[in-house]
1. Rolling a 1.4 angstrom probe over the protein heavy atoms, how many square angstrom per residue are accessible across the stretch 70-129?
2. Relative contact order, percent, of the stretch 77-134 when contacts are C-alpha pairs under 8 Å separated by at least 6 residues?
3. Would you calculate, for the chain, the mean residue ellipticity at 222 nm contributed by helices, counting each DSSP H stretch of 4 or more residues as -39,500 (n - 2.57) and dividing by all residues, to the nearest 500?
4. Using only Cα atoms, find the angle between the long axis of helix 12-23 and the longest principal axis of the chain, and express it within 0 to 90 degrees, rounded to the nearest 10.
5. Going by alpha carbons, how many degrees (0 to 90, nearest 10) lie between the helix axis of 86-96 and the longest principal axis of the chain?
6. Going by a ≥ b ≥ c, the root eigenvalues of the Cα gyration tensor, does the chain fall in the rounded group (a/c under 1.5), the prolate group (a/b larger than b/c) or the oblate group?
7. Below 8 Å, C-alpha to C-alpha, sequence gap of six or more: please give me the relative contact order for the chain in percent.
8. Dipole magnitude of the chain about its Cα centre, charges +1 at Lys/Arg Cβ and -1 at Asp/Glu Cβ only, in debye to the nearest 20?
Amino acid sequence: MPSPYIHFHDCCRAAMEFYRDVFGGTLELMGYDQMPDAPDEVASSDKVMHATLSTPQGPIFASDAYPGHTAPPQASVSISWDTATVDEGRSIFDALLADGGEVTMPYTETFFSPGFGMVKDRFGTHWMIMTYPEAG
């Protein structure tokens, strides 16, 4: 199963802590400063080299850009997140909107789902939240 790997400029830690709060799971973080034999340019960095959020639906991986480099936000990719119920989907959709998220498509019933919506969260990650028809 493919797993998303999200690249951030310098907000990986905050984003992954937020996703842990939204989706649940266990978060593991490793900083660039924890690299064995870390080069001088990263030895004092507070950026995240690798993060793993182990959720009930599978892992989400992420990192900050290598210190001194940039990483543009995820503009052309969306992460699809399936929910068991319409209420669960609505709750996740609303949580992703917190503190500056933007609605791309309102969460509503569609011809293919009893609950579907698209949102860009405050970290620039695009999400598609969907409840399968049989789950209702």
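The values are calculated or read from the model by the stated rules, or taken from the named source; none is laboratory data. These numbers come from a predicted model, not from an experiment. FYI the Cβ positions are ideal-geometry reconstructions off the backbone, even for glycines, and counts take in every protein chain you see. In case anyone asks, the SASA skips ligands and DNA or RNA and just uses the protein heavy atoms, side chains included. Shrake-Rupley method; radii C 1.70, N 1.55, O 1.52, S 1.80 Å.
1. On the way: 3110 Å² over 60 residues.
Ligands and nucleic acids excluded, the figure is 52 Å² per residue.
2. Details: 124 pairs, mean separation 24.2, N = 58.
Computed value for the stretch 77-134: 42 percent relative contact order.
3. Values: 3 runs with 27 residues, N = 136.
Dividing the helical sum by the residues of the chain leaves -5500 deg cm²/dmol.
4. That works out to roughly 30 degrees.
5. 40 degrees
6. Working: a/c = 2.82, a/b = 2.15, b/c = 1.31.
Judged from the Cα gyration tensor, the chain comes out prolate (a/c at least 1.5, a/b above b/c).
7. On the way: 289 pairs, mean separation 30.9, N = 136.
Reported as a whole number, the value is 23 percent.
8. Details: 6 positive and 19 negative charges, 55 e Å.
Approximately 260 debye in magnitude.
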